[in-house]
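Shown next, in structure tokens, is the structure this report addresses.
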Amino acid sequence: MHHLHPLAFAPTWQRIQMDSILIQGGCPLNGSVQTSGAKNAALPLLAAAILTDKPVTFQRMPHLCDITTMITLLANQGADVSMDDQDRLRIDTAPSNNPEAPYELVKTMRASALVLGPLLARFGRARVSLPGGCAIGARPMDLHLKGLEAMGAKISVEHGYVDAKVEKKLHGAHIAFDKVTVTGTENLMMAAALADGETILDNAAREPEVVNLAESLRNMGADIENDGSSCIRIRGVESLSGGELEVIADRIEAATYLAAGLISGGEVTTRDINPDLLDTFLSRLRDAGAIVETGKDWIRCSASNRLRAVNIETSPHPGFPTDLQAQFMAIMCIAEGSSVIRENIFENRFMHVQELRRMGARIVLNGNMAVVEGVEKLSGAPVMATDLRASASLVLAGLAATGETTISRVYHIDRGYERIEEKLGQLGASIRRITPHTDMFWRPDFATS
């Protein structure tokens with residue numbers, strides 16, 4: 001076991017914000033790629049470590065900017081961070097004595113709000129900066145705060161910080177969310193795990209990442225039932241133990257690489273992923289004419305002909321994921337016919353449209369609806385990433401385009417994709433990361449199957 005400065009967890013391929021990615025399109029992607037652990041599952045699991053004074057060890061923790069930020073946040077609160085001989089991350093929050101999440105650490109990451117519930121449950125107080133993250137629309141913490149107030153917390157919001165405290169201990173409550181919220185469900189589930197009495201979360205999120213958190217909390221001794229449904233029941237316990245927790249596969253990453261194979265005219269297999277996590281996405285690919293094969297822990301996609309246009313609309317799980325809307329739109333840009341894409345989760349999640357148009361895509365926006373008329377080919381162009389999933393859609397478009405595409409502000413993509421240029425390069429992409437210090441170039445002749 002060796003102790004780490006939290007930034008030591010940051011991989012060497014993470015670069016500064018001036019980085020860009022250069023793609024030479026027209027190379028069909030073929031082969032298989034291993035699926036990393038899911039960012040959206042890993043972040044709440046890290047926050048859950050606050051709930052216990054025993055060490056927690058994590059398997060399949062992805063190396064991402066947001067993960068490094070969360071680890072740094074825990075270390076800033078006094079936690080001990082270390083890595084064992086099998087590269088498993090170990091967090092021990094027993095020494096933690098600072099229940100604060102400062103603006104300097106949370107300004108780039110929305111999920112930092114997840115520490116609010118655990119800090120309040122364990123220490124009886126918390127001071128958490130209102131977080132930042134992708135500019136994809138309003139994601140207010142109101143539902144989090146209303147739930148915690150129903151559990152006995154006294155909360156004030158001043159000078160950009162949430163100050164919360166509870167006199168003795170949080171108590172159980174019946175909380176009905178006005179709308180489905182993933183981080184709100186996770187935050188209140190963690191808070192309720194140590195509360196007095198029973199908490200019921202109505203209209204709760206059903207995402208696989210929520211289920212992963214519930215299963216992990218149960219492994220630590222929590223009493224949680226009905227996760228994966230819209231009504232979750234939590235009976236508070238006196239304390240939680242440590243243990244070894246495993247991050248589930250990143251369904252969004254896996255789907256993005258499957259889309260990369262399809263849009264480039266190749267065949268890609270994603271490994272170490274349960275196909276059930278992507279039921280809705282795979283169903284729409286089949287509707288578009290893709291050949292989808294699955295096994296117990298793998299998915300393979302290809303197409304014998306040009307894909308045809310299909311309509312989608314985003315909705316909470318088990319509906320079509322909002323985190324895959326941009327990637328699916330990129331595929332539809334070169335599909336045969338016209339498709340209608342409705343975004344029902346975030347109001348600003350069409351910022352990639354303007355950049356796709358620069359590459360020759362024909363897209364008309366009308367409120368939360370985009371009408372995409374497929375073209376035979378896209379053309380490479382300089383474009384700018386505006387958020388995490390928009391970045392992925394531009395990478396996909398660049399793989400399909402003729403000529404050269406340069407994507408700037410790729411720090412967005414480093415928040416959610418582990419070694420993306422390396423993985424795409426191994427599949428046959430001609431992709432190059434440009435930094436002020438060095439170039440990383442992956443050529444098709446490096447491709448592996």
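Nearest 0.05, what FRET efficiency do K146 and V371 give at R0 = 45 Å with Cβ-Cβ as r? Each step should come with its number before you reach the end.
Values: r = 37 Å, r/R0 = 0.83.
So, using R0 = 45 Å, E works out to roughly 0.75.
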Checklist entry - If you build a Gaussian network model of the chain, linking Cα atoms that sit under 10 Å apart, which residue out of I23, I334, I434 swings the most? => result I434
Checklist outcome for this item: Under the 7 Å Cα-to-Cβ spin-label approximation, N344 and F123 lie apart by a distance in nanometres of 4.0
Item to check | Overall form of the range 168-218 per C-alpha gyration tensor (a/c, 1.5; a/b vs b/c) | outcome: oblate
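If you add up the charges near L285, with Lys and Arg at +1 and Asp and Glu at -1, over every other residue whose beta carbon is less than 14 angstrom from its beta carbon, what do you get?
On the way: positive: R251, R284, R286, R300, R306, R308; negative: E267, D279, D287, E293.
Residues near L285 contribute +2 overall.
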Next on the checklist: How tilted is helix 182-193 with respect to the longest principal axis of the chain? Cα atoms for both, answer in degrees (0 to 90, nearest 10).
Outcome noted: 30
Checklist outcome for this item: Interchain or sequence-distant (5+) residues whose placed amide H lies within less than 5 Å of the amide H of I434 are S20, I21, L22
Next on the checklist: Can you give me the long-range amide H partners of K54? Hydrogens built in the peptide plane at 1.01 Å from N, cutoff under 5 Å, separation of 5 or more residues or another chain.
Outcome noted: G242
Checklist entry - Put +1 on the Cβ of each Lys and Arg and -1 on the Cβ of each Asp and Glu in the chain; which of A309, T108, F123 then has its Cα farthest toward the positive end of the dipole? => result A309
Next on the checklist: With N set to the number of residues, divide the alpha-carbon radius of gyration of the range 36-101 by 2.2 N^0.38 Å and report two decimals.
Outcome noted: 1.02
Next on the checklist: Angle check, please: helix 39-48 long axis (alpha carbons) against the longest principal axis of the chain (alpha carbons), in degrees 0 to 90, nearest 10.
Outcome noted: 10
Item to check | Under Karplus coefficients 6.51, -1.76 and 1.60, residue-wise ³J(HN,Hα) of the range 226-243 in Hz, glycine/proline x | outcome: 6, 4, x, 10, 7, 9, 9, 10, 10, 9, x, 10, 5, 7, 10, 9, x, x
Checklist entry - What longest range of the chain stays clear of loop-exposed GluC sites (Glu not before Pro) (DSSP non-H/G/I/E/B, at most 10 other C-beta within 10 angstrom)? => result 1-166
Checklist outcome for this item: Between E246 and residues 5 or more places away or on another chain, the pairs with built amide H atoms under 5 Å apart involve Q59
Checklist entry - Near K165, which lysines are there with a Cα under 26 Å away, not counting those fewer than 8 places off in the same chain? => result K54, K107, K146, K154, K179
Checklist entry - Taking K423 as the anchor, which aspartates and glutamates have their alpha carbon closer than 18 Å to its alpha carbon, excluding any fewer than eight residues away along the same chain? => result D19, D250, E253, E267, D272, D414, D439, D445
Checklist outcome for this item: Options [x] 24.2; [y] 23.3; [z] 22.3 for Kirkwood radius over Cα pairs in Å; the value derived from the coordinates is listed as [z]
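Can you pull out the trypsin sites (Lys or Arg not before Pro) in the range 292-359 that DSSP calls coil and that have at most 11 other Cβ atoms within 10 Å?
On the way: sites: K296, R300, R306, R308, R342, R349, R357, R358; in loops: K296, R306, R349.
Passing sites in the range 292-359 are K296.
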Next on the checklist: Just to be sure I understand the model, the point goes 7 Å from the Cα along the line to the Cβ. What's the resulting R218 to T435 distance in nm?
Outcome noted: 4.2
Checklist entry - How far is helix 208-219 tilted off the main Cα axis of the chain, in degrees rounded to 10, range 0 to 90? => result 30
Item to check | Rough spin-label spacing in nm, given labels placed 7 Å along Cα→Cβ, for E313 and T294 | outcome: 2.4
Checklist outcome for this item: In Å, the C-alpha Rg and Dmax of the range 228-357 are 17.3, 59
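Bear in mind that the values in this text are calculations on the coordinates, not laboratory data. This is a predicted model, so every value here is computed, not measured. As a convention, Cβ positions derive from the backbone with ideal geometry for all residues, glycine included, and neighbour counts pool all protein chains shown.
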